[in-house]
Every structure is written in structure tokens, then in C-alpha cells.
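Asker: Before I ask anything, here is the structure I am working with.
The values are calculated or read from the model by the stated rules, or taken from the named source; none is laboratory data. Because the structure is a prediction, the values reported are computed rather than measured. A quick note on method: Cβ atoms are made from the backbone with ideal geometry, for glycine too, and the neighbour counts reach across all protein chains shown. In case anyone asks, the SASA skips ligands and DNA or RNA and just uses the protein heavy atoms, side chains included. Shrake-Rupley method; radii C 1.70, N 1.55, O 1.52, S 1.80 Å.
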Amino acid sequence: MDKLGIYIPTFNRENELKECLKSFIPQVKKYNLPIYISDNSTTHDTEKLVRMMKAKYYNRIYYRKNKYIRLGRTYALNLRSVFEMGNTEYVWFFGDDDKIAPGAIKEVLSCIKKGYSFIQINATGFDRELKYVKIPRQIKKYRNVKYDKYSYKKVMQNANANNALGYVGHMASIITKRELIAKEIKKIDFNSPYLDFIH
């Protein structure tokens, strides 16, 4: 079983996904880690891109159409689909329009080696005027601890208090043990109208 896998749900963002993969491939190649992509797209362009990237740059990129697309093109169902593609000990969900910094994989593997079950990494972003900002988020590393769930309202209040520009958070800043996600998935009502807030 691989220690870490990169899990990317995507939807009609071929250009962004290409940049995302280009940021990952040199780092995951070094450690032979898998990348999983579940596609919610309405075209075949994403599939073509992934096949080209796999053939040209790295053969451990795995692709499929969202397994649950018949139930609707929701983000949460695509997250579930991509999660079920792999069986790595740690899961790093990643946005198809995000990129990682040099050395990120090495740092994450270092935390995993120390036995942390939940890792939150620093994120950067842009404000509403598209000016670059550093979001003030501390690196948090939790060693096999239970974490509390917060209501959407509470999370938004915390984000605003920390000058995070009103966003709930970045999915790509969380890496955690597969077993924790598997436990939470069992509690989710996938028919809920608020399902896309799950991430």
C-alpha cells in the first residue's frame, strides 16, 4: 500500500488541471506516488489531457469518469468517486486549479513518517481584487486525536477572524489518514441539498 496518494476531483478545467499536474509530477515521481483523477466534465477534453500526461510524463496517473455521475454532477459525489479510486494510507485531496510548491511532498512525507494522522499545511491565495495574499494559517499537525466538527457558520466566523477573506478553507491544505475519511463518509447523507459544502 502506498503511504500517500493525490486525489483530484475535476470539472471542465483542462488548462488548470494541466498546470496542477505539472506542479505535482516531478515530486510524486521521486517517491513513486499515485495521482487519482475523477472527472465530472461534460466533454472528453479532460480525459485526453490526462491520457497525454500519463503517456508523456508519469504512468501512475489514474483516471475515470465520476462513478456517481448518474446521481448528478455534484462536487461531493465526485470527491467520493475519487476517494474510492485509491487505497493509500494517507489521502491528499487537491483542487484541480491549485498547484503545490517545490518541496511540499517531501515535507508532507516527513510529517507522515512522524506518525501524524492529520496535517494542515499553509495556503496562499488572492483577495477579491486578485492581489496576492498570504493567508495566515498555522501549520497544524495532529497525532491521532479526535477533532470536532464545526457548523458552516462557525467555520466562516473563524475564517473571517483570521483574515481568510471569507472562504471556509482550501481543500488542498488538508492531508489525513484514509480511515478518518472512510469513517466520515459513512455518516454523510448524499441526498442532502447542502452536500457540496462537505469539502
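Asker: Specify which of the listed residues (ILE61, ILE35, ILE25) is open to solvent by less than 20 Å² (accessible area, probe 1.4 Å) and more than 23 Å from ILE181 (Cα to Cα).
Answerer: ILE25
Asker: Here is a follow-up. Looking for whichever is touching a residue at least 60 places away in the same chain (Cβ under 8 Å), assigned to a loop (DSSP other than H, G, I, E, B) and open to solvent by less than 70 Å² (accessible area, probe 1.4 Å) here; the options are ILE105, ILE100. Which one fits?
Answerer: On the way: ILE105 fails: assigned to a loop (DSSP other than H, G, I, E, B).
The match here is ILE100.
Asker: Of all residues in region 38-58, how many are open to solvent by 50 Å² or more (accessible area, probe 1.4 Å), within 30 Å of LYS113 (Cα to Cα) and not charged (D, E, K, R)?
Answerer: Selection size over region 38-58: 1.
Asker: Identify, from the list ASN87, ASN144, the residue that is modelled with pLDDT of 80 or more and either small (Gly, Ala, Ser) or open to solvent by 30 Å² or more (accessible area, probe 1.4 Å) (or both). Spell out the reasoning first.
Answerer: Working: ASN144 fails: modelled with pLDDT of 80 or more.
Unique residue meeting the criteria: ASN87.
Asker: Answer yes or no: is there a residue in region 112-124 that is modelled with pLDDT under 85, assigned to a loop (DSSP other than H, G, I, E, B), of a type in the set (A, V, I, L, M, F, W, C) and surrounded by fewer than 12 Cβ atoms within 10 Å (Cβ to Cβ).
Answerer: No; the residues of region 112-124 include none that is modelled with pLDDT under 85, assigned to a loop (DSSP other than H, G, I, E, B), of a type in the set (A, V, I, L, M, F, W, C) and surrounded by fewer than 12 Cβ atoms within 10 Å (Cβ to Cβ).
Asker: Is there a residue being among the hydrophobic types (A, V, I, L, M, F, W, C) and free of Cβ contacts under 8 Å to residues at least 24 places away in the same chain anywhere in region 53-66?
Answerer: Here is the first cut: in region 53-66, the residues among the hydrophobic types (A, V, I, L, M, F, W, C) are 53, 55, 61.
Add one more test, that the residue is free of Cβ contacts under 8 Å to residues at least 24 places away in the same chain, and what stays is 55.
Taking every residue of region 53-66 in turn, at least one turns out to be among the hydrophobic types (A, V, I, L, M, F, W, C) and free of Cβ contacts under 8 Å to residues at least 24 places away in the same chain.
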